[in-house]
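Shown next, in structure tokens, is the structure this report addresses.
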Amino acid sequence: MTVQAMANLATTPQAYQRGAVLAATPAELVVMLYDGARRFLRQAAAAMEAGEIERAHRTLRHAEMILAHLNGTLDHDQGQVADSLGQLYTFCLRHLDDARMEQSPKKLGEVSRMLGELRDAWAQIAAEAPRS
């Protein structure tokens, strides 16, 4: 196999992921963000359990950035749902901060479960939404 062919194989997952993001509906993008946040929370919990404080901090930070993005992009002109989601995201961010200070994988799991419920609701919305 040539070096060029190996390089093409190495970029295939990234290209596929980039294509999936570009083709996604807004609701599907939200689902992807929840999936990413939950993946980082699992990684942070594993790092905490292993006593790897720096790795736990780094992966937890990624999850926090996703939640901050979700919170920052809410359209509060849409009413109660956006306000409620904003309050939930703020709670989650505080809970993650507490988890970091206490090195508590349990608290990370609590936030992940909440995000999992939201993810499932958004996945249902995405499945029912017409594609343009």
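Over the range 23-132, what number does the Rg to Rh ratio reach, with both radii from the alpha-carbon atoms and Rh per Kirkwood?
The Rg/Rh ratio comes out at 1.01.
Arrange the following residues from fewest to most other Cβ atoms within 10 Å of their Cβ: S112, S104, S84.
S84, S104, S112
Suppose R0 equals 22 Å. What FRET efficiency, 1/(1 + (r/R0)^6) with r the Cβ-Cβ distance, do S84 and A24 give to the nearest 0.05?
With R0 = 22 Å, the Cβ-Cβ based efficiency is 0.40.
Any read-out appearing in this document is the output of simple, stated calculations on the displayed coordinates, not a laboratory observation. Bear in mind that the values here come from a model prediction, so they are computed numbers and not experimental data. We place every Cβ from the backbone using ideal geometry, glycine too, and count neighbours over all the protein chains shown.
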